[in-house]
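Pasting in a structure now, in C-alpha coordinates, and then I'll have a few things to ask.
The values are calculated or read from the model by the stated rules, or taken from the named source; none is laboratory data. Just so it is clear, the structure is predicted and the values come from calculations on it, not from any experiment. A quick note on method: Cβ atoms are made from the backbone with ideal geometry, for glycine too, and the neighbour counts reach across all protein chains shown.
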Amino acid sequence: MCAMVVVNEIQKYFGTFQALKDVSLEVAAGEVLCIIGPSGSGKSTLLRCINQLERIDGGAVWVADELVGYRQEGDRLYELTDAQIARQRLASGMVFQRFNLFAHLTVLGNIIEGPVVVQKRARKDVIPEAMALLDRVGLADKKDSYPAQLSGGQQQRIAIARALAMKPKLMLFDEPTSALDPELVGEVLEVMQDLARSGMTMVVVTHELGFAREVAHRVVFMDRGSIVETGTPQQVLTHPREQRTRDFIAAVLA
Amino acid sequence: MAENASAITAPATRYSIAHLKREPRRNYGRWLAAALILLALAAIVKAFAEGQIAWPVVAQFFTAPAILAGLSNTIIMTVCAMAFGLVLGVLFAVMIMSPNPVLKYVAVFYIWFFRGTPLLLQLLLWFNLALIFPTLGIPGVFEMRTVDFMTPFMATLLGLGINQGAYTAEVIRGGILSVDNGQAEAAKVIGMTRLVMLRRIILPQAMRVIIPPIGNEVISMVKLTSIASVIQYEEILRNSQTIYYANNRVMELLIVAAIWYLAVVTVLSVGQHFLEKHFSKSLGAQNANRPAPVAMEGA
(Lines give C-alpha, C1' and ligand atoms only; values in the text may rest on other atoms or scores of the structure.)
Protein backbone atom coordinates (compact mmCIF):
# COMPACT_ATOMS: atom_id res chain seq x y z
CA MET A 1 0.00 0.00 0.00
CA CYS A 2 1.25 3.46 -0.88
CA ALA A 3 0.42 6.63 1.03
CA MET A 4 -2.63 8.54 -0.23
CA VAL A 5 -2.10 11.43 2.17
CA VAL A 6 1.15 12.52 3.78
CA VAL A 7 1.03 15.36 6.28
CA ASN A 8 4.46 16.45 7.40
CA GLU A 9 4.94 18.69 10.44
CA ILE A 10 2.27 21.20 9.52
CA GLN A 11 1.50 24.33 11.49
CA LYS A 12 -1.59 26.48 11.33
CA TYR A 13 -2.24 29.75 13.08
CA PHE A 14 -5.49 31.73 13.39
CA GLY A 15 -4.09 35.13 14.35
CA THR A 16 -1.86 34.32 17.32
CA PHE A 17 -3.72 31.12 18.20
CA GLN A 18 -1.85 28.01 17.06
CA ALA A 19 -4.46 25.56 15.82
CA LEU A 20 -2.01 22.88 14.62
CA LYS A 21 1.40 22.22 16.18
CA ASP A 22 3.80 20.14 14.05
CA VAL A 23 1.17 17.59 13.05
CA SER A 24 2.37 14.62 10.98
CA LEU A 25 0.15 11.89 9.63
CA GLU A 26 0.03 9.29 6.87
CA VAL A 27 -3.06 7.73 5.35
CA ALA A 28 -2.58 4.65 3.18
CA ALA A 29 -4.62 4.03 0.03
CA GLY A 30 -7.80 2.19 0.97
CA GLU A 31 -7.44 3.04 4.64
CA VAL A 32 -10.29 4.38 6.78
CA LEU A 33 -8.92 6.78 9.38
CA CYS A 34 -11.06 8.34 12.10
CA ILE A 35 -9.92 11.47 13.90
CA ILE A 36 -11.48 12.04 17.30
CA GLY A 37 -10.90 14.66 19.94
CA PRO A 38 -12.55 17.47 21.89
CA SER A 39 -13.84 20.54 20.04
CA GLY A 40 -11.10 23.03 19.33
CA SER A 41 -8.50 20.28 19.18
CA GLY A 42 -7.67 21.06 15.53
CA LYS A 43 -9.16 17.95 13.92
CA SER A 44 -11.39 19.84 11.47
CA THR A 45 -8.56 22.25 10.71
CA LEU A 46 -6.28 19.33 9.88
CA LEU A 47 -8.90 17.97 7.47
CA ARG A 48 -9.35 21.39 5.85
CA CYS A 49 -5.58 21.72 5.37
CA ILE A 50 -5.57 18.50 3.35
CA ASN A 51 -7.85 19.98 0.66
CA GLN A 52 -6.55 23.55 0.98
CA LEU A 53 -9.66 25.14 2.47
CA GLU A 54 -7.11 26.41 4.99
CA ARG A 55 -3.61 27.56 4.05
CA ILE A 56 -0.92 25.96 6.12
CA ASP A 57 1.68 28.22 7.77
CA GLY A 58 4.44 25.60 7.91
CA GLY A 59 5.20 22.01 6.90
CA ALA A 60 3.80 20.32 3.81
CA VAL A 61 0.98 18.09 2.61
CA TRP A 62 0.98 15.56 -0.23
CA VAL A 63 -2.20 14.08 -1.67
CA ALA A 64 -1.88 11.18 -4.13
CA ASP A 65 1.87 11.83 -4.35
CA GLU A 66 1.37 15.46 -5.34
CA LEU A 67 2.65 18.34 -3.21
CA VAL A 68 -0.33 20.43 -2.18
CA GLY A 69 -0.39 24.17 -2.95
CA TYR A 70 3.11 24.43 -4.45
CA ARG A 71 5.12 23.39 -7.48
CA GLN A 72 8.68 22.32 -6.81
CA GLU A 73 11.29 23.48 -9.30
CA GLY A 74 14.92 22.97 -8.37
CA ASP A 75 15.34 24.14 -4.81
CA ARG A 76 12.35 26.49 -4.89
CA LEU A 77 8.62 26.11 -4.22
CA TYR A 78 6.29 28.18 -6.40
CA GLU A 79 2.82 28.92 -5.08
CA LEU A 80 0.07 27.52 -7.32
CA THR A 81 -2.61 29.63 -9.02
CA ASP A 82 -6.29 29.57 -8.14
CA ALA A 83 -6.96 27.30 -11.14
CA GLN A 84 -4.15 24.88 -10.25
CA ILE A 85 -5.39 24.62 -6.65
CA ALA A 86 -8.91 23.99 -7.97
CA ARG A 87 -7.52 21.14 -10.10
CA GLN A 88 -5.64 19.65 -7.13
CA ARG A 89 -8.83 19.65 -5.07
CA LEU A 90 -10.36 17.19 -7.53
CA ALA A 91 -8.31 14.42 -5.91
CA SER A 92 -10.43 14.62 -2.77
CA GLY A 93 -14.14 14.85 -2.07
CA MET A 94 -15.45 16.52 1.05
CA VAL A 95 -18.59 16.17 3.15
CA PHE A 96 -19.41 18.98 5.56
CA GLN A 97 -21.11 19.07 8.93
CA ARG A 98 -23.74 21.48 7.55
CA PHE A 99 -24.22 19.54 4.24
CA ASN A 100 -23.82 22.72 2.12
CA LEU A 101 -25.92 21.42 -0.76
CA PHE A 102 -26.40 24.07 -3.46
CA ALA A 103 -29.74 25.53 -2.39
CA HIS A 104 -30.74 26.74 -5.87
CA LEU A 105 -30.23 23.37 -7.59
CA THR A 106 -32.28 20.18 -7.46
CA VAL A 107 -30.78 17.00 -6.03
CA LEU A 108 -29.79 15.83 -9.51
CA GLY A 109 -28.50 19.32 -10.33
CA ASN A 110 -26.29 19.24 -7.23
CA ILE A 111 -24.74 15.94 -8.23
CA ILE A 112 -24.05 16.70 -11.90
CA GLU A 113 -22.86 20.30 -11.30
CA GLY A 114 -19.22 19.33 -10.70
CA PRO A 115 -18.86 16.71 -13.46
CA VAL A 116 -20.58 18.97 -16.05
CA VAL A 117 -19.24 22.41 -15.10
CA VAL A 118 -15.79 21.57 -13.72
CA GLN A 119 -14.87 18.33 -15.49
CA LYS A 120 -16.70 19.43 -18.67
CA ARG A 121 -18.28 16.04 -19.23
CA ALA A 122 -21.43 15.57 -21.33
CA ARG A 123 -24.71 15.74 -19.41
CA LYS A 124 -26.02 12.60 -21.04
CA ASP A 125 -23.03 10.59 -19.77
CA VAL A 126 -23.16 12.07 -16.29
CA ILE A 127 -26.88 11.67 -15.57
CA PRO A 128 -26.91 7.83 -15.55
CA GLU A 129 -23.91 7.85 -13.21
CA ALA A 130 -25.65 10.36 -10.96
CA MET A 131 -28.76 8.20 -10.88
CA ALA A 132 -26.65 5.17 -9.96
CA LEU A 133 -25.13 7.16 -7.07
CA LEU A 134 -28.57 8.29 -5.91
CA ASP A 135 -29.65 4.67 -6.00
CA ARG A 136 -26.63 3.77 -3.90
CA VAL A 137 -27.56 6.27 -1.18
CA GLY A 138 -31.21 5.21 -1.47
CA LEU A 139 -32.65 8.51 -2.73
CA ALA A 140 -33.32 7.97 -6.44
CA ASP A 141 -36.94 9.10 -5.96
CA LYS A 142 -35.79 12.52 -4.68
CA LYS A 143 -33.85 13.54 -7.79
CA ASP A 144 -36.12 16.52 -8.57
CA SER A 145 -36.46 17.77 -4.98
CA TYR A 146 -34.70 20.88 -3.71
CA PRO A 147 -32.42 20.56 -0.65
CA ALA A 148 -34.79 22.60 1.55
CA GLN A 149 -37.45 19.91 1.04
CA LEU A 150 -35.27 17.11 2.45
CA SER A 151 -34.41 15.98 5.98
CA GLY A 152 -30.89 16.47 7.30
CA GLY A 153 -30.06 12.80 6.85
CA GLN A 154 -31.26 12.85 3.25
CA GLN A 155 -29.29 16.04 2.54
CA GLN A 156 -26.12 14.49 3.93
CA ARG A 157 -26.56 11.35 1.81
CA ILE A 158 -26.98 13.60 -1.26
CA ALA A 159 -23.84 15.49 -0.23
CA ILE A 160 -21.92 12.20 -0.17
CA ALA A 161 -23.27 11.31 -3.62
CA ARG A 162 -22.26 14.77 -4.90
CA ALA A 163 -18.70 14.26 -3.67
CA LEU A 164 -18.52 10.76 -5.18
CA ALA A 165 -19.74 12.01 -8.57
CA MET A 166 -16.34 13.69 -9.01
CA LYS A 167 -14.68 10.26 -8.69
CA PRO A 168 -12.25 11.33 -5.96
CA LYS A 169 -9.36 9.17 -4.79
CA LEU A 170 -9.98 10.21 -1.21
CA MET A 171 -13.03 11.22 0.82
CA LEU A 172 -12.85 13.70 3.70
CA PHE A 173 -15.72 13.82 6.22
CA ASP A 174 -15.94 16.77 8.61
CA GLU A 175 -18.25 15.70 11.46
CA PRO A 176 -20.83 14.43 8.96
CA THR A 177 -23.43 13.46 11.59
CA SER A 178 -22.99 16.23 14.16
CA ALA A 179 -25.78 18.43 12.77
CA LEU A 180 -28.28 15.58 12.49
CA ASP A 181 -31.21 14.64 14.70
CA PRO A 182 -30.23 11.44 16.55
CA GLU A 183 -32.67 9.23 14.64
CA LEU A 184 -31.11 10.29 11.30
CA VAL A 185 -27.49 9.50 12.18
CA GLY A 186 -27.79 5.82 11.33
CA GLU A 187 -28.79 6.27 7.68
CA VAL A 188 -25.71 8.44 7.01
CA LEU A 189 -23.30 6.13 8.86
CA GLU A 190 -24.71 3.22 6.84
CA VAL A 191 -23.82 4.94 3.56
CA MET A 192 -20.34 5.71 4.89
CA GLN A 193 -19.85 2.13 6.04
CA ASP A 194 -20.87 0.90 2.60
CA LEU A 195 -18.35 3.29 1.06
CA ALA A 196 -15.59 2.04 3.38
CA ARG A 197 -16.33 -1.54 2.37
CA SER A 198 -15.94 -0.58 -1.29
CA GLY A 199 -12.29 0.27 -0.57
CA MET A 200 -12.46 4.08 -0.61
CA THR A 201 -9.73 5.93 1.29
CA MET A 202 -11.53 7.90 3.99
CA VAL A 203 -10.50 10.42 6.63
CA VAL A 204 -13.40 10.96 9.03
CA VAL A 205 -13.55 13.56 11.78
CA THR A 206 -16.26 12.26 14.05
CA HIS A 207 -17.75 12.02 17.51
CA GLU A 208 -19.32 8.64 16.69
CA LEU A 209 -17.02 6.32 18.61
CA GLY A 210 -19.19 3.34 17.66
CA PHE A 211 -18.58 4.04 13.98
CA ALA A 212 -14.85 4.48 14.60
CA ARG A 213 -14.69 1.18 16.46
CA GLU A 214 -16.54 -0.74 13.75
CA VAL A 215 -15.32 0.82 10.51
CA ALA A 216 -11.96 2.52 11.07
CA HIS A 217 -8.69 0.77 10.42
CA ARG A 218 -6.92 3.33 12.53
CA VAL A 219 -8.00 6.00 15.03
CA VAL A 220 -6.17 9.25 15.78
CA PHE A 221 -6.86 11.18 18.98
CA MET A 222 -6.08 14.89 18.84
CA ASP A 223 -6.01 17.47 21.59
CA ARG A 224 -4.90 21.12 21.63
CA GLY A 225 -3.48 21.10 18.12
CA SER A 226 -1.41 17.92 18.41
CA ILE A 227 -1.85 14.23 17.77
CA VAL A 228 -1.84 12.56 21.19
CA GLU A 229 -2.30 8.95 20.25
CA THR A 230 -2.65 6.82 17.12
CA GLY A 231 -3.50 3.14 16.78
CA THR A 232 -6.12 0.58 15.94
CA PRO A 233 -9.61 1.26 17.28
CA GLN A 234 -8.93 -1.45 19.84
CA GLN A 235 -5.76 0.28 21.04
CA VAL A 236 -7.06 3.86 21.12
CA LEU A 237 -10.69 3.39 22.12
CA THR A 238 -10.52 0.33 24.38
CA HIS A 239 -7.01 0.45 25.84
CA PRO A 240 -5.84 4.06 25.53
CA ARG A 241 -2.30 4.67 26.80
CA GLU A 242 -2.61 8.40 27.42
CA GLN A 243 -4.56 9.95 30.27
CA ARG A 244 -6.03 12.66 28.00
CA THR A 245 -7.43 10.00 25.66
CA ARG A 246 -8.94 8.10 28.60
CA ASP A 247 -10.57 11.31 29.92
CA PHE A 248 -12.03 12.17 26.51
CA ILE A 249 -13.46 8.72 25.90
CA ALA A 250 -14.93 8.63 29.39
CA ALA A 251 -16.53 12.04 28.82
CA VAL A 252 -18.03 11.02 25.44
CA LEU A 253 -19.41 7.75 26.75
CA ALA A 254 -20.77 9.33 29.95
CA MET B 1 -68.55 10.66 41.34
CA ALA B 2 -72.17 10.30 40.31
CA GLU B 3 -72.79 13.97 41.02
CA ASN B 4 -69.82 14.98 38.85
CA ALA B 5 -71.03 12.95 35.88
CA SER B 6 -74.47 14.51 36.03
CA ALA B 7 -72.93 18.00 36.27
CA ILE B 8 -71.04 17.49 32.97
CA THR B 9 -74.11 16.38 31.05
CA ALA B 10 -76.48 18.91 32.69
CA PRO B 11 -77.85 21.23 29.97
CA ALA B 12 -78.09 24.57 31.73
CA THR B 13 -74.77 25.38 33.42
CA ARG B 14 -73.25 28.81 32.75
CA TYR B 15 -70.65 27.20 30.43
CA SER B 16 -73.18 25.99 27.83
CA ILE B 17 -73.48 29.03 25.60
CA ALA B 18 -73.60 27.36 22.19
CA HIS B 19 -77.25 28.38 21.70
CA LEU B 20 -76.57 32.14 22.08
CA LYS B 21 -76.58 34.29 18.92
CA ARG B 22 -73.25 35.97 18.09
CA GLU B 23 -73.23 39.62 17.04
CA PRO B 24 -70.24 40.72 14.91
CA ARG B 25 -68.32 43.77 16.09
CA ARG B 26 -69.56 47.03 14.54
CA ASN B 27 -66.62 48.84 12.92
CA TYR B 28 -68.06 52.37 12.96
CA GLY B 29 -64.63 53.98 12.59
CA ARG B 30 -63.92 51.93 9.49
CA TRP B 31 -67.19 52.99 7.82
CA LEU B 32 -66.58 56.61 8.69
CA ALA B 33 -63.04 56.58 7.26
CA ALA B 34 -64.22 54.91 4.05
CA ALA B 35 -67.02 57.45 3.64
CA LEU B 36 -64.66 60.41 4.12
CA ILE B 37 -62.14 59.06 1.63
CA LEU B 38 -64.84 58.35 -0.99
CA LEU B 39 -66.13 61.89 -0.51
CA ALA B 40 -62.64 63.32 -1.04
CA LEU B 41 -62.16 61.16 -4.15
CA ALA B 42 -65.50 62.32 -5.54
CA ALA B 43 -64.41 65.93 -5.02
CA ILE B 44 -61.15 65.31 -6.88
CA VAL B 45 -62.92 63.59 -9.79
CA LYS B 46 -65.42 66.44 -9.96
CA ALA B 47 -62.62 69.01 -9.96
CA PHE B 48 -60.89 67.26 -12.84
CA ALA B 49 -64.14 66.85 -14.76
CA GLU B 50 -64.97 70.56 -14.42
CA GLY B 51 -61.36 71.75 -14.69
CA GLN B 52 -60.14 73.28 -17.90
CA ILE B 53 -58.60 70.12 -19.26
CA ALA B 54 -59.28 69.45 -22.91
CA TRP B 55 -59.53 65.65 -22.74
CA PRO B 56 -59.89 65.37 -26.53
CA VAL B 57 -56.44 66.97 -26.78
CA VAL B 58 -55.06 64.33 -24.41
CA ALA B 59 -56.58 61.64 -26.63
CA GLN B 60 -55.34 63.35 -29.78
CA PHE B 61 -51.70 63.54 -28.63
CA PHE B 62 -51.69 60.22 -26.78
CA THR B 63 -50.45 58.40 -29.89
CA ALA B 64 -48.88 61.34 -31.70
CA PRO B 65 -45.68 60.31 -33.55
CA ALA B 66 -43.49 62.62 -31.44
CA ILE B 67 -44.91 61.17 -28.21
CA LEU B 68 -44.42 57.57 -29.39
CA ALA B 69 -40.88 58.37 -30.54
CA GLY B 70 -40.21 59.90 -27.11
CA LEU B 71 -41.68 56.83 -25.42
CA SER B 72 -39.44 54.58 -27.45
CA ASN B 73 -36.39 56.69 -26.58
CA THR B 74 -37.35 56.53 -22.90
CA ILE B 75 -37.55 52.75 -23.06
CA ILE B 76 -34.34 52.40 -25.07
CA MET B 77 -32.49 54.58 -22.56
CA THR B 78 -33.94 52.68 -19.59
CA VAL B 79 -32.78 49.37 -21.06
CA CYS B 80 -29.31 50.60 -22.11
CA ALA B 81 -28.55 52.56 -18.93
CA MET B 82 -29.81 49.74 -16.71
CA ALA B 83 -27.79 47.11 -18.60
CA PHE B 84 -24.70 49.32 -18.39
CA GLY B 85 -25.38 49.93 -14.69
CA LEU B 86 -25.75 46.20 -14.01
CA VAL B 87 -22.48 45.32 -15.75
CA LEU B 88 -20.68 48.05 -13.80
CA GLY B 89 -22.45 47.02 -10.61
CA VAL B 90 -21.30 43.38 -10.85
CA LEU B 91 -17.79 44.50 -11.79
CA PHE B 92 -17.44 46.93 -8.89
CA ALA B 93 -19.13 44.59 -6.39
CA VAL B 94 -16.53 41.93 -7.26
CA MET B 95 -13.76 44.55 -7.11
CA ILE B 96 -14.81 45.83 -3.69
CA MET B 97 -14.70 42.26 -2.35
CA SER B 98 -11.35 41.54 -3.97
CA PRO B 99 -8.27 40.84 -1.85
CA ASN B 100 -6.34 43.25 -4.11
CA PRO B 101 -6.27 46.62 -2.27
CA VAL B 102 -5.93 48.66 -5.49
CA LEU B 103 -9.09 47.14 -7.00
CA LYS B 104 -10.90 47.47 -3.71
CA TYR B 105 -10.16 51.15 -3.13
CA VAL B 106 -10.83 52.13 -6.75
CA ALA B 107 -14.29 50.60 -6.30
CA VAL B 108 -14.78 52.36 -2.96
CA PHE B 109 -13.85 55.69 -4.59
CA TYR B 110 -16.19 55.09 -7.54
CA ILE B 111 -19.15 54.39 -5.25
CA TRP B 112 -18.27 57.35 -3.03
CA PHE B 113 -18.05 59.79 -5.96
CA PHE B 114 -21.10 58.76 -7.96
CA ARG B 115 -23.39 58.31 -4.97
CA GLY B 116 -22.17 61.56 -3.51
CA THR B 117 -22.99 63.93 -6.38
CA PRO B 118 -26.41 64.75 -7.84
CA LEU B 119 -27.36 62.87 -10.99
CA LEU B 120 -28.35 66.07 -12.77
CA LEU B 121 -24.89 67.51 -12.11
CA GLN B 122 -23.27 64.32 -13.45
CA LEU B 123 -25.33 64.55 -16.66
CA LEU B 124 -24.22 68.16 -17.15
CA LEU B 125 -20.59 67.16 -16.51
CA TRP B 126 -20.69 64.45 -19.18
CA PHE B 127 -22.56 66.64 -21.63
CA ASN B 128 -20.04 69.47 -21.27
CA LEU B 129 -16.97 67.27 -21.27
CA ALA B 130 -15.77 68.91 -24.50
CA LEU B 131 -15.03 72.07 -22.50
CA ILE B 132 -12.08 70.38 -20.81
CA PHE B 133 -11.22 67.57 -23.24
CA PRO B 134 -11.67 68.80 -26.83
CA THR B 135 -10.69 65.39 -28.21
CA LEU B 136 -11.06 61.82 -26.96
CA GLY B 137 -9.07 58.72 -27.86
CA ILE B 138 -6.00 56.64 -27.27
CA PRO B 139 -2.89 58.60 -28.31
CA GLY B 140 -1.57 57.26 -31.62
CA VAL B 141 -4.42 54.77 -32.13
CA PHE B 142 -7.52 56.83 -32.75
CA GLU B 143 -8.89 60.20 -31.87
CA MET B 144 -12.22 61.99 -32.25
CA ARG B 145 -13.76 65.32 -31.30
CA THR B 146 -15.55 65.11 -27.98
CA VAL B 147 -18.58 67.03 -29.27
CA ASP B 148 -19.09 64.36 -31.96
CA PHE B 149 -18.95 61.56 -29.40
CA MET B 150 -20.82 63.17 -26.51
CA THR B 151 -24.27 63.32 -28.08
CA PRO B 152 -27.27 63.74 -25.76
CA PHE B 153 -27.71 59.96 -25.99
CA MET B 154 -24.11 59.16 -24.99
CA ALA B 155 -24.05 61.73 -22.18
CA THR B 156 -27.32 60.37 -20.78
CA LEU B 157 -26.19 56.76 -21.11
CA LEU B 158 -22.90 57.47 -19.32
CA GLY B 159 -24.52 59.64 -16.67
CA LEU B 160 -27.40 57.29 -15.83
CA GLY B 161 -25.44 54.05 -16.30
CA ILE B 162 -22.40 54.99 -14.25
CA ASN B 163 -24.54 56.48 -11.50
CA GLN B 164 -26.71 53.37 -11.50
CA GLY B 165 -23.62 51.16 -11.33
CA ALA B 166 -22.62 52.73 -8.02
CA TYR B 167 -25.97 51.85 -6.45
CA THR B 168 -26.17 48.44 -8.10
CA ALA B 169 -22.69 47.53 -6.82
CA GLU B 170 -23.91 47.93 -3.26
CA VAL B 171 -27.07 45.92 -3.94
CA ILE B 172 -25.06 43.09 -5.53
CA ARG B 173 -22.47 43.13 -2.75
CA GLY B 174 -25.28 42.77 -0.22
CA GLY B 175 -26.71 39.88 -2.24
CA ILE B 176 -23.37 38.08 -2.40
CA LEU B 177 -22.86 38.52 1.35
CA SER B 178 -26.30 37.01 1.97
CA VAL B 179 -25.19 33.65 0.56
CA ASP B 180 -23.89 31.28 3.23
CA ASN B 181 -20.12 30.76 3.20
CA GLY B 182 -20.69 26.99 3.17
CA GLN B 183 -21.92 27.31 -0.42
CA ALA B 184 -18.56 28.78 -1.44
CA GLU B 185 -16.66 26.02 0.36
CA ALA B 186 -18.81 23.33 -1.26
CA ALA B 187 -18.10 24.91 -4.65
CA LYS B 188 -14.35 25.04 -3.97
CA VAL B 189 -14.11 21.39 -2.93
CA ILE B 190 -15.66 20.25 -6.21
CA GLY B 191 -12.86 22.11 -7.96
CA MET B 192 -14.50 25.41 -8.96
CA THR B 193 -12.35 28.48 -9.46
CA ARG B 194 -13.45 31.82 -7.98
CA LEU B 195 -15.14 33.07 -11.15
CA VAL B 196 -16.97 29.83 -11.94
CA MET B 197 -18.14 29.67 -8.33
CA LEU B 198 -19.42 33.24 -8.51
CA ARG B 199 -21.30 32.61 -11.74
CA ARG B 200 -22.70 29.13 -11.04
CA ILE B 201 -23.26 29.07 -7.27
CA ILE B 202 -23.09 32.45 -5.58
CA LEU B 203 -24.80 34.87 -7.98
CA PRO B 204 -27.81 32.61 -8.74
CA GLN B 205 -28.51 32.42 -5.01
CA ALA B 206 -27.78 36.10 -4.45
CA MET B 207 -30.39 36.88 -7.13
CA ARG B 208 -33.22 36.24 -4.70
CA VAL B 209 -31.92 39.12 -2.60
CA ILE B 210 -30.80 41.24 -5.57
CA ILE B 211 -33.91 41.12 -7.76
CA PRO B 212 -36.40 43.05 -5.60
CA PRO B 213 -34.22 46.18 -5.17
CA ILE B 214 -33.04 46.00 -8.81
CA GLY B 215 -36.68 45.80 -9.88
CA ASN B 216 -37.30 48.99 -7.96
CA GLU B 217 -34.29 50.60 -9.58
CA VAL B 218 -35.48 49.71 -13.09
CA ILE B 219 -38.77 51.41 -12.26
CA SER B 220 -36.89 54.42 -10.89
CA MET B 221 -34.75 54.46 -14.02
CA VAL B 222 -37.81 54.76 -16.28
CA LYS B 223 -38.65 58.00 -14.52
CA LEU B 224 -35.05 59.18 -14.05
CA THR B 225 -34.58 59.25 -17.82
CA SER B 226 -36.86 62.32 -17.76
CA ILE B 227 -34.07 64.48 -16.35
CA ALA B 228 -32.15 63.88 -19.59
CA SER B 229 -34.63 66.35 -21.07
CA VAL B 230 -32.35 69.11 -19.76
CA ILE B 231 -29.50 68.00 -22.05
CA GLN B 232 -31.78 67.68 -25.07
CA TYR B 233 -32.19 63.92 -25.10
CA GLU B 234 -35.53 63.42 -26.85
CA GLU B 235 -37.36 61.23 -24.38
CA ILE B 236 -41.09 61.41 -23.78
CA LEU B 237 -41.11 64.33 -21.34
CA ARG B 238 -38.92 66.50 -23.56
CA ASN B 239 -41.08 65.76 -26.60
CA SER B 240 -44.22 66.59 -24.61
CA GLN B 241 -42.64 69.90 -23.65
CA THR B 242 -41.67 70.62 -27.26
CA ILE B 243 -45.31 70.13 -28.24
CA TYR B 244 -46.74 72.31 -25.48
CA TYR B 245 -44.27 75.10 -26.20
CA ALA B 246 -45.96 75.21 -29.63
CA ASN B 247 -49.64 74.68 -28.71
CA ASN B 248 -49.77 75.82 -25.06
CA ARG B 249 -51.64 72.67 -23.95
CA VAL B 250 -49.28 72.24 -20.98
CA MET B 251 -51.42 70.10 -18.64
CA GLU B 252 -52.84 67.96 -21.42
CA LEU B 253 -49.38 66.93 -22.63
CA LEU B 254 -48.06 66.38 -19.12
CA ILE B 255 -51.06 64.08 -18.54
CA VAL B 256 -50.20 62.19 -21.74
CA ALA B 257 -46.64 61.66 -20.49
CA ALA B 258 -47.86 60.66 -17.00
CA ILE B 259 -50.20 58.02 -18.42
CA TRP B 260 -47.40 56.53 -20.50
CA TYR B 261 -45.01 56.43 -17.52
CA LEU B 262 -47.70 54.68 -15.45
CA ALA B 263 -48.32 52.17 -18.24
CA VAL B 264 -44.63 51.26 -18.55
CA VAL B 265 -44.14 51.02 -14.78
CA THR B 266 -47.22 48.79 -14.43
CA VAL B 267 -45.93 46.38 -17.06
CA LEU B 268 -42.52 46.30 -15.33
CA SER B 269 -44.09 45.62 -11.92
CA VAL B 270 -45.85 42.55 -13.30
CA GLY B 271 -42.55 41.38 -14.83
CA GLN B 272 -40.78 41.90 -11.51
CA HIS B 273 -43.35 39.72 -9.75
CA PHE B 274 -42.69 36.79 -12.09
CA LEU B 275 -38.92 37.24 -11.93
CA GLU B 276 -39.00 37.14 -8.11
CA LYS B 277 -41.15 34.02 -8.25
CA HIS B 278 -38.64 32.37 -10.59
CA PHE B 279 -35.62 33.06 -8.38
CA SER B 280 -37.30 31.93 -5.16
CA LYS B 281 -38.71 28.67 -6.49
CA SER B 282 -36.02 26.47 -4.93
CA LEU B 283 -36.97 27.74 -1.49
CA GLY B 284 -40.22 25.86 -1.69
CA ALA B 285 -43.49 26.84 -0.08
CA GLN B 286 -42.07 29.38 2.34
CA ASN B 287 -42.12 32.16 -0.26
CA ALA B 288 -45.33 31.19 -2.06
CA ASN B 289 -47.41 33.83 -0.26
CA ARG B 290 -45.48 36.83 -1.45
CA PRO B 291 -47.61 39.97 -2.03
CA ALA B 292 -49.06 40.52 -5.50
CA PRO B 293 -47.35 42.97 -7.88
CA VAL B 294 -48.21 46.33 -6.41
CA ALA B 295 -45.87 48.90 -7.92
CA MET B 296 -43.22 49.46 -5.28
CA GLU B 297 -42.13 53.03 -5.61
CA GLY B 298 -38.61 54.28 -5.99
CA ALA B 299 -37.56 57.89 -6.47
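Can you find a residue that is closer than 30 Å to residue A:98 by Cβ, more than 21 Å from the chain's Cα centre (by Cα), at pLDDT 90 or above and not β-branched (Val, Ile, Thr) anywhere in segment B:106-114?
No, that holds for no residue.
Does segment B:167-188 include one or more residues that are buried (at least 22 other Cβ atoms within 10 Å of the Cβ), in contact (Cβ under 8 Å) with a residue 24 or more places away in the chain and among the aromatic types (Phe, Trp, Tyr)?
Within segment B:167-188, not a single residue is buried (at least 22 other Cβ atoms within 10 Å of the Cβ), in contact (Cβ under 8 Å) with a residue 24 or more places away in the chain and among the aromatic types (Phe, Trp, Tyr).
Residue A:131 passes all but one of (1) farther than 25 Å from residue A:51 by Cβ; (2) part of a helix (DSSP H, G or I); (3) under 22 Å from the mean Cα position of the chain (by Cα); which number fails?
(3)
Still on this model: Check whether at least one residue in segment A:139-150 is within 11 Å of another protein chain (Cβ to nearest Cβ) and buried (at least 21 other Cβ atoms within 10 Å of the Cβ), and report yes or no.
Yes, the conditions are met somewhere in segment A:139-150.
Now for a different question. Got a sec? Which of A:85, A:56 is more than 14 Å from chain B (Cβ to nearest Cβ), aliphatic (A, V, I, L, M) and out of contact with any Phe, Trp or Tyr (no Cβ under 7 Å at 6 or more places or on another chain)?
Just one listed residue meets the conditions, A:56.
Give me the pairs, please: first residue somewhere in segment A:193-213 and within 9 Å of residue A:30 (Cα to Cα), second residue anywhere and buried (at least 19 other Cβ atoms within 10 Å of the Cβ) and among the aromatic types (Phe, Trp, Tyr), beta-carbon distance under 8 Å, and either six or more positions apart or on two chains.
Qualifying pairs under 8 Å: A:202/A:173.
Can you give me the ranges of the helices (runs of 4 or more DSSP H) entirely in segment B:138-226 with at least 2 residues that are of a type in the set (Phe, Trp, Tyr) and away from every other protein chain (no Cβ under 14 Å)?
Helices (runs of 4 or more DSSP H) meeting the threshold: B:152-177.
Would you be able to tell me the number of residues in segment A:205-254 that are of a type in the set (Asp, Glu), closer than 17 Å to residue A:177 by Cα and either touching a Cys at 6+ places or on another chain (Cβ under 6 Å) or assigned to a loop (DSSP other than H, G, I, E, B) (or both)?
Final tally of qualifying residues: 1.
Kindly indicate whether any position in segment A:68-77 is away from chain B (no Cβ under 12 Å), touching a Lys or Arg at 6+ places or on another chain (Cβ under 6 Å) and not aliphatic (A, V, I, L, M). Steps first, please.
Restricting attention to segment A:68-77, the residues satisfying the condition of being away from chain B (no Cβ under 12 Å) are A:68-77.
Add one more test, that the residue is touching a Lys or Arg at 6+ places or on another chain (Cβ under 6 Å), and what stays is none.
Among the residues of segment A:68-77, not one is away from chain B (no Cβ under 12 Å), touching a Lys or Arg at 6+ places or on another chain (Cβ under 6 Å) and not aliphatic (A, V, I, L, M), which makes the answer no.
Moving to a separate point now. Give me the pairs: first residue in segment A:91-119 and facing another protein chain (nearest Cβ under 7 Å) and assigned to a loop (DSSP other than H, G, I, E, B), second residue buried (at least 21 other Cβ atoms within 10 Å of the Cβ) and among the acidic types (Asp, Glu), beta-carbon distance under 8 Å, and six or more apart or on different chains, which are they?
Correct list of pairs: A:96/A:174; A:102/A:113.
Say whether the condition of being basic (Lys, Arg), in contact with a helix residue (DSSP H, G or I) (Cβ under 7 Å, 6 or more places away or on another chain) and farther than 30 Å from residue B:247 by Cα is met by at least one residue in segment B:7-23.
Among the residues of segment B:7-23, not one is basic (Lys, Arg), in contact with a helix residue (DSSP H, G or I) (Cβ under 7 Å, 6 or more places away or on another chain) and farther than 30 Å from residue B:247 by Cα, which makes the answer no.
Go through segment B:245-260 and give me each residue that's within 11 Å of residue B:66 (Cβ to Cβ) and without any contact (Cβ under 8 Å) to a residue 60 or more places away in the chain.
Once the filter is applied, which keeps residues that are within 11 Å of residue B:66 (Cβ to Cβ) and without any contact (Cβ under 8 Å) to a residue 60 or more places away in the chain, segment B:245-260 yields only B:246.
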